[in-house]
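Asks: Below are the C-alpha cells for one structure; questions will follow.
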Amino acid sequence: MTIRRLPESVVNRIAAGEVVERPAAVVKELVENAIDAGAARIEIVLREGGRAMIAVGDDGCGMERAELALAIERHATSKLPDEDLRHIATLGFRGEALPSIGAVGRMSISSRKRGADSAWRIAVEGGTVSEPAPAAQQAGTRVEVRDLFYATPARLKFLKTERTEAQHALEAVERLAMAHPEIGFSFSDDGRTVLQLTPGADDLFEARHARLAAIMGRDFADNSVAIEAAREGVRLTGRAGLPTLNRATARAQYLFVNGRPVRDKLVHGAVRAGYRDVLAHDRHPMVALFLEIDPEEVDVNVHPAKTEVRFRDAGLVRGLIVGALKHALAGAGHRASSTVGVAALGALRPGSGLPYSSGPYSGGSYSGHGAPPSHAPRGLAEEAAQFQSPFSDLARPSAPPAEGGAEARDFPLGAARAQLHETYIVAQTADGVVIVDQHAAHERLTHERLKLAMHAGGAARQILLIPEVVELDGPSVGRLAARAADLARLGLVIEAFGPGAVVVRETPALLGEADVQGLVRDLADELAELGESLALDARLDQVCGTMACHGSVRAGRRLALSEMDALLRQMEATPLSGQCSHGRPTYVELKLADIERLFGRR
Amino acid sequence: MKVTIERATLLKALAHVQSVVERRNTIPILSNVLIEAKGGRLALSATDMDLAIREEVAAEVAVPASTTAAAHTLYDIVRKLPEGSQVALELAAGGGQLTLRAGRARFSLSCLPVDEFPVMSAGDLPHEFALDAGALRDLIDHTRFAISTEETRYYLNGIHLHATKVGRAELLRAVATDGHRLARFQMPLPEGGAGIPAVIVPRKAIAEVRKLVEDSAESVRVALSETRIRFTFESVVLTSKLIDGTFPDYERVIPTDNDKIMQVDNKIFAEAVDRVSTISKDQSRAVKLVLSRGSLVLSASGQDTGSATEEIEVDYAGDGIEIGFNARYLLDIASQIRGERAKFVMSDAASPTIVRDSSDDGDGSLYVLMPMRV
C-alpha cells in the first residue's frame, strides 16, 4: 500500500470526531461563535434533541459574502488577529468548528454584516459547499444544522435519547450564559422554551448575581457568599455556596477561566480543599467561580473541545482558589444556610398534611388548648406549654441581666434563654430565635482548637521501634523526600531509602497505631496530583475531628445558662462554627417574622 | 438424638465454644455449633475457619445423633434457664428441628445439616510439649498487650513463639510488638520443645486460650507444626491456623549499650503517670520524664486543659536526661510488672528504652519502649 494524502472531506470528518461528539458540542461551538461575534441576544432552537435541527441565531457583527465562503474552510478564522496563540482572548480560535460541523451534517449559514444592506446564505452538505446566494436576514448570523451525523451513521447510533441530548445542550448553554450575563439567551426544544434569560443590567456584579440566581436557583443566590480575590495578576470572583447547602455530586460546580467554562481537575481539587473541613467527604459544595488571568499565563489549546486548561503557575491558581474560599467561608463564620431554617419552618407550618383538617382552621394547632398536632411539632408544642405555664423557671435568667450577662441585641447569636431536652440551646436574638445543637457546636469548637494546637506546636511524634519501609516508584520517592521538612512538622518523619523506597522513622502521635504504608502511599499519590501534602493534613484533621467528637459536650448534658452563653460567644468567635466537623448545621435561626407567620399574625 | 444434660455443664461448654463464633457471618453454617451425642458424651464444636474449638462434656445420651444449631441463640437460651435445671435436647425425625426442653420451657431451633459443617484439618503436628496453665497465663499476659492491631502488618497481629538458646540455657520465648513497643517473655524450654518451628500465634487464638486457662492449675498440651497449633486442656481442644508471615528480627531493636539506669517503685510510678497524664486528653497522651540524680519529674500538658507535674523519688545516679513517652504504653508495661520495683535502662530521648521487672533480672520479662518527641 502506498502512502497518500487523505481527501479534505475525510480530514474534516476526523476532526469532527474530536470537536463534534454530540449535539451539545455543536450548540456550544455555535454559541461561542455568537458570543465572539459580540452578540447581545442569542437564540438557540433545537428539534428532536438536536438530531433533526439545531439553529443558533445572533445579532452580532455578521459576515460579508466573501467571508462566508472562507468561514467553512478549515483553519479559517477571524479570531487570531496577530496569529499569536499566546494571546487568546476569544472563546474560539482553532477555525475548526464550522467545517467540522459541515462535514457531519447539512449546514447552512446566513449572515448580514452590521451596516451592510444585503444578506448572504451559504450551504454545506456532507462537505460539499454551495455558492453563496442572497438571503433575507437581520444584521447578525444564523447557523442552521439539520440531520446531524447523517454522514457518520456510527456516531448517530451512540446518541442518547432526545431528552438527554437536549439536556446536555441546555447545560452547555447555561454554562456559557453564566459567564456572559450581559447577553440575553433563549433556548427552546421542540417549540418549548426552557430557558429565557434577559440581558443583564449595566453593573456586571449585579448582572452576574441575577444570572447565577436564574440558573443555579434562588437558594444558591441567598445562601452563598461573594468571592473576590486577586493575586499576581490573577483575579478570582464569583460566589461560593454555604457548606450547609450541598449536593451529592460535583455537578453544581461551575468554573470559568477568562469566560470559558472548563472542567479542570486542578480547579475542582482546589474547591474540595477549600471546603475540606466543613463538608462531609461525600458531599459537594455549589460554587460558581470566575478566574481572570492573563491569556499568556494559561494554555487553552489542550483539547479541541477546550474543556481542559493548563496554567503556567498551577500552584498560584490553586492557592488563590483555596485561600479565597477559606477566607470567604470563615467570613461567613457562623452563618448556616437559611434553607435549614426554612426546612424546619416547613415542618412546623400548620396545615401541612395534619390529620386535623376537619374544621376550617378552627383551633389553630398551636393555640395551647386543644390536642397538639400528632407529628413533628409535638416537641415544640410541649415546650410551648412549658413556656406558658411555669414562667418562673424560664423567665428568671433574663430578669437580672447582670448575671445572665448577654443582652439579646448585642450578639449575633443572641442570649441563651433555655435548654431543651438537654440537647438544644434556645437563644433570643434581636430579631428572632436561634436553636443550637450543643454537641455539634462544641464539637466544632474543640476541632478548631485541636487544629490550632497542632499548627502552633507542631504535632507530637511517636518514634518507631521498627522503622517501616514503604516501597514506591522513583518519582514518588523524590516528591516525598522534597516535602520531608513539611511532613516532619505534621509529625511524619521519612527519609529516602534507596531509589525505590522511603523509610518512615516517626509518625504523628495523634494517629496512634496508623496504617503507615497506606498513609505514605496516599500521600505520594496526592503529592503527584496536587503538589501539596493534603492527605496528611486531612488525616490529622480526621483524627482531630474524631477526638473532638469524643471530647465534646454530649447531647443530654444539662448546661447552666452561663455555660450556654459562653458556648454562644465562643461560636461567634470561632471560624466555621456554622457547621460541625461533618458538615451538619450547628444551629438554625428562625426569624421573628417567620414565627409570626406561623401564628397567622402576618 | 435424645440427650439430657445439666444446665451448668452445658452452659460452661457453650460459653467456651460460642466465643469462637463470629457475631456476623456471611456463611450461615459458621454461626452454628456442631452438637454430637455419643456414648455418654456430648461434644460441642465451633469454628471461624481459622480457629476451631471442640469441647466434650458428660451427658445422658439415650439416642446418639448429631446436628448443628445457632451457637449464640443456644447459648443465650441456656444462660437464661433457671439454675440447677436439667436440659433435654431432642432431634426430630428428619433432623430439621432441635427441640430443647427445660422445666416447662420449650424451644424449637432450626438446624443445618452436619455435613455442611467445615472440619478444619490439623494435619500432622510433629512437635508437642506441656505447659502449666499458670506458665501459659504468664507467657500470654506479659506479651499480648503489645500485639499490633494494625491489620496491614498482619505479621505483627500475634505472639511470636519460638525456642532459643542463651548461653547454655534453652528457652521458650514469646515476643509481641506493634512497632512502637515490644514485649518479650521467656521461660525454660519445656520437654519436647526442642526444635519447634518459630511461629506467630494469631491474636484471637491467644484470647481464646487465655479465657480457657483462667483460674486453673492443670497442664496444657501444646502441639504444633509450621502452619497449625493445638492447645489441649482438660476436655477442650483448640486448634488454630498460624499467621503465615515472618516476624521481624526483633533482637536487633533491643539495645545492648544503654547505660542510664533508673530504678523506681512500680506502684508509685504507675500512679504518678496515670495522674499526670489526666491533663493531656488528646490521643497522644504524652508524658515527659525529666531525670536527675535521685529524682524523676513527670510532666504533661494539654492544649486547653492546662499542665501537670509530679516529682517522685528514684534510684538514679547518671547524667540528667529528658525523655517523652506515651503514658498508655508506660501504664501497660507497669501493669505487667509483678515485682515492687521497675528498672529503666535508657540511652537518650530518641533511642529505645528497656524496662524490666527488677525482681527477675536476667530472665522472665523484658520490654522495649520507643520514646515520643514532645
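Asks: List pairs: first in the stretch A:167-183 and under 11 Å from residue A:254 (Cβ atoms), second polar (S, T, N, Q) and part of a helix (DSSP H, G or I), Cβ under 7 Å, 6+ apart or cross-chain?
Replies: Every condition considered, no pair remains.
Asks: Please name all residue pairs, on different chains or six or more residues apart, with Cβ atoms under 9 Å, provided the first residue is in the stretch A:507-526 and is within 7 Å of another protein chain (Cβ to nearest Cβ) and crowded, with 19+ Cβ neighbours inside 10 Å and the second residue is at pLDDT 70 or above and assigned to a helix (DSSP H, G or I).
Replies: none
Asks: Please go through (1) more than 20 Å from residue B:239 (Cα to Cα); (2) part of a helix (DSSP H, G or I) for residue B:111 and return the number of the only condition it doesn't satisfy.
Replies: Unmet for residue B:111, out of (1) more than 20 Å from residue B:239 (Cα to Cα); (2) part of a helix (DSSP H, G or I): (2).
Asks: Follow-up question, since we're still on this one. Condition check: at pLDDT 75 or above and surrounded by 21 or more Cβ atoms within 10 Å (Cβ to Cβ). Does residue A:426 satisfy that?
Replies: no
Asks: Could you grab me the full set of residues in the stretch B:148-176 that are within 14 Å of chain A (Cβ to nearest Cβ) and at pLDDT below 95?
Replies: B:148, B:149, B:150, B:151, B:152, B:153, B:154, B:155, B:156, B:157
Asks: Follow-up question, since we're still on this one. Are there any pairs, at least 6 apart or on different chains, whose C-beta atoms fall under 7 Å, with the first in the stretch B:1-26 and within 11 Å of residue B:57 (Cα to Cα) and the second part of a loop (DSSP other than H, G, I, E, B) and of a type outside the set (A, V, I, L, M, F, W, C), and if so, which?
Replies: Qualifying pairs under 7 Å: none.
Asks: So, of the residues in the stretch A:447-478 that are surrounded by 21 or more Cβ atoms within 10 Å (Cβ to Cβ), assigned to a helix (DSSP H, G or I) and within 11 Å of another protein chain (Cβ to nearest Cβ), which turns out to be modelled with the lowest pLDDT?
Replies: Ranking the candidates gives A:450 first.
Asks: Out of all the residues in the stretch B:228-262, which are among the hydrophobic types (A, V, I, L, M, F, W, C) and either free of Cβ contacts under 8 Å to residues at least 40 places away in the same chain or more than 19 Å from residue B:153 (Cα to Cα) (or both)?
Replies: If the condition is that a residue be among the hydrophobic types (A, V, I, L, M, F, W, C) and either free of Cβ contacts under 8 Å to residues at least 40 places away in the same chain or more than 19 Å from residue B:153 (Cα to Cα) (or both), then B:229, B:231, B:233, B:236, B:237, B:238, B:254, B:261, B:262 are the ones that fit.
Asks: Further, regarding this structure: Can you name the condition, by its number, that residue B:286 falls short on among (1) away from chain A (no Cβ under 14 Å); (2) aliphatic (A, V, I, L, M); (3) under 27 Å from the mean Cα position of the chain (by Cα)?
Replies: Unmet for residue B:286, out of (1) away from chain A (no Cβ under 14 Å); (2) aliphatic (A, V, I, L, M); (3) under 27 Å from the mean Cα position of the chain (by Cα): (1).
Asks: Sort out for me the strands (runs of 3 or more DSSP E) sitting completely within the stretch B:195-280 that have 2 or more residues that are over 24 Å from the mean Cα position of the chain (by Cα).
Replies: Numbers: elements: B:199-202, B:219-224, B:228-233, B:236-241, B:260-265.
The qualifying strands (runs of 3 or more DSSP E) are B:260-265.
Asks: Yes or no: residue B:274 buried (at least 21 other Cβ atoms within 10 Å of the Cβ) and more than 13 Å from chain A (Cβ to nearest Cβ)?
Replies: Criteria not met by residue B:274.
Asks: I want to confirm something. Restricting to the stretch A:479-505 and keeping residues that are charged (D, E, K, R) and either crowded, with 22+ Cβ neighbours inside 10 Å or away from chain B (no Cβ under 11 Å) (or both), which single residue is farthest from residue B:145 (Cα to Cα)? I'd like the intermediate steps shown before the answer.
Replies: Here is the first cut: in the stretch A:479-505, the ones charged (D, E, K, R) are A:479, A:483, A:486, A:489, A:495, A:505.
Retained after the next criterion (residues that are either crowded, with 22+ Cβ neighbours inside 10 Å or away from chain B (no Cβ under 11 Å) (or both)): A:479, A:483, A:486, A:489, A:495.
Details: A:479: 37, A:483: 35, A:486: 33, A:489: 30, A:495: 30 Å.
Looking at the filtered set, the residue picked out is A:479.
Asks: Hey, could you check the stretch B:318-358 for residues that are of a type in the set (A, V, I, L, M) and assigned to a strand (DSSP E or B) and say which is farthest from the other protein chains (Cβ to nearest Cβ)?
Replies: To start, the set of residues in the stretch B:318-358 that are of a type in the set (A, V, I, L, M) comprises B:321, B:323, B:327, B:330-331, B:333-334, B:337, B:342, B:345-346, B:349-350, B:354-355.
Applying the additional criterion that residues be assigned to a strand (DSSP E or B) yields B:321, B:323, B:342, B:345-346, B:354-355.
Details: B:321: 15, B:323: 11, B:342: 19, B:345: 15, B:346: 13, B:354: 12, B:355: 13 Å.
Among those residues, the one meeting the criterion is B:342.
Asks: Return the residues of the stretch B:112-150 that are among the aliphatic types (A, V, I, L, M) and exposed (fewer than 14 other Cβ atoms within 10 Å of the Cβ); say none if nothing qualifies. Break it down stepwise before answering.
Replies: Our first condition is that a residue be among the aliphatic types (A, V, I, L, M); within the stretch B:112-150, this holds for B:112, B:114, B:119-120, B:122, B:125, B:130-131, B:133, B:135-136, B:139-140, B:146-147.
The one that is among the aliphatic types (A, V, I, L, M) and exposed (fewer than 14 other Cβ atoms within 10 Å of the Cβ): B:119.
Asks: So, one more: Can you tell which of B:73, B:99, B:164 is under 30 Å from residue B:367 (Cβ atoms), surrounded by fewer than 20 Cβ atoms within 10 Å (Cβ to Cβ) and among the β-branched types (Val, Ile, Thr)?
Replies: Result: B:164 is the single residue among B:73, B:99, B:164 that is under 30 Å from residue B:367 (Cβ atoms), surrounded by fewer than 20 Cβ atoms within 10 Å (Cβ to Cβ) and among the β-branched types (Val, Ile, Thr).
Asks: Read through the list (1) farther than 28 Å from residue B:185 by Cα; (2) surrounded by 15 or more Cβ atoms within 10 Å (Cβ to Cβ); (3) away from chain A (no Cβ under 14 Å), then give the number of the only condition that residue B:374 fails.
Replies: (3)
The values are calculated or read from the model by the stated rules, or taken from the named source; none is laboratory data. The shown structure was predicted, so the numbers you read here are calculated from the model rather than taken from an experiment. So basically every Cβ, Gly included, is an ideal-geometry build from the backbone, and we count neighbours across all protein chains shown.
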